[in-house]
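The values are calculated or read from the model by the stated rules, or taken from the named source; none is laboratory data. Bear in mind the structure is a predicted one, so any value in this text is a computation, not a measurement. Every residue, glycine as well, gets a Cβ built from its backbone with ideal geometry; the counts of neighbours run over all protein chains shown.
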Amino acid sequence: MLEHLKLHLKGRVVILGIGNTMRSDDGAGSILAARIKGKAPFIVFDAETSPENYLDKIISQKPDTILIVDAVDFGAEPGEFKLLETAAVKTANLFSTHNASINLAINYLQTHIAADIIILIIQPKSITFAGDLSPEVEGTLREIKGFIYEAGKEKG
């Protein structure tokens, strides 16, 4: 699956991490963004719980690809992840604490820029207000981070 992502990490790439770091695994996208910002040759934004606040910044970068990373309950085992093209997000039965804002953000971006938009969703184990990342999601973030570094080396 990550090899498929590599096909999209070409040209000018923006990575948008979304998540609430106070809610355990729900913070996965934000945590990944913080870990890779400045360490990979991609433009990285940590939107936390408000991706709508970053839309004009993303558009101003004129990206070829936008990769959105978020924890989403899609009924898989904790730590599993998958890539969705934007059309799949609109029809999928997913639960994210940011789902409405993701769909609004994608719609806005699509009307203002001709970028390839990919969403990497990670199955959380817990989204409670107490605790750190689960070991499963932590392992997934390490794997994705390593992959992004490698893809960046190939790009550069």
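For segment 5-40, residues that are surrounded by fewer than 16 Cβ atoms within 10 Å (Cβ to Cβ) and more than 15 Å from the chain's Cα centre (by Cα) total 7.
Here is a yes/no grid of residues against (1) small (Gly, Ala, Ser); (2) closer than 26 Å to ILE127 by Cβ:
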| site | (1), (2) |
| --- | --- |
| GLY27 | yes, yes |
| ILE36 | no, yes |
| PRO41 | no, no |
| ASN53 | no, yes |
| ASP56 | no, no |
| ILE59 | no, no |
| PRO78 | no, yes |
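Among the residues of segment 56-65, is any free of Cβ contacts under 8 Å to residues at least 40 places away in the same chain, more than 12 Å from ILE118 (Cα to Cα) and either part of a strand (DSSP E or B) or hydrophobic (A, V, I, L, M, F, W, C) (or both)? So far as segment 56-65 goes, no, none of its residues is free of Cβ contacts under 8 Å to residues at least 40 places away in the same chain, more than 12 Å from ILE118 (Cα to Cα) and either part of a strand (DSSP E or B) or hydrophobic (A, V, I, L, M, F, W, C) (or both).
Restricted to segment 133-156, and to residues there that are in contact (Cβ under 8 Å) with a residue 60 or more places away in the chain and more than 17 Å from ILE122 (Cβ to Cβ), the residue that is surrounded by the most Cβ atoms within 10 Å (Cβ to Cβ) is ALA151. Inspection of segment 76-86 identifies at least one residue that is farther than 19 Å from LEU9 by Cα, within 15 Å of the chain's Cα centre (by Cα) and modelled with pLDDT of 65 or more. In contact with a Phe, Trp or Tyr (Cβ under 9 Å, 6 or more places away or on another chain), within 22 Å of ARG142 (Cβ to Cβ) and of a type in the set (D, E, K, R): is that true of LYS57 in this structure? Spelling it out, it is not the case that LYS57 is in contact with a Phe, Trp or Tyr (Cβ under 9 Å, 6 or more places away or on another chain), within 22 Å of ARG142 (Cβ to Cβ) and of a type in the set (D, E, K, R).
The residues listed here are ILE58, ILE122, ILE66; of these, the one that is in contact with a strand residue (DSSP E or B) (Cβ under 9 Å, 6 or more places away or on another chain), over 15 Å from LEU5 (Cβ atoms), modelled with pLDDT of 95 or more and surrounded by 22 or more Cβ atoms within 10 Å (Cβ to Cβ) is ILE58. Within segment 19-38, identify whether any single residue is free of Cβ contacts under 8 Å to residues at least 60 places away in the same chain, farther than 22 Å from TYR108 by Cβ and touching a Gly at 6+ places or on another chain (Cβ under 7 Å), and answer yes or no. Taking every residue of segment 19-38 in turn, at least one turns out to be free of Cβ contacts under 8 Å to residues at least 60 places away in the same chain, farther than 22 Å from TYR108 by Cβ and touching a Gly at 6+ places or on another chain (Cβ under 7 Å). Scanning segment 127-156 for residues being farther than 15 Å from ASN20 by Cα, of a type in the set (Val, Ile, Thr) and in contact with a Pro (Cβ under 9 Å, 6 or more places away or on another chain) gives a total of 1.
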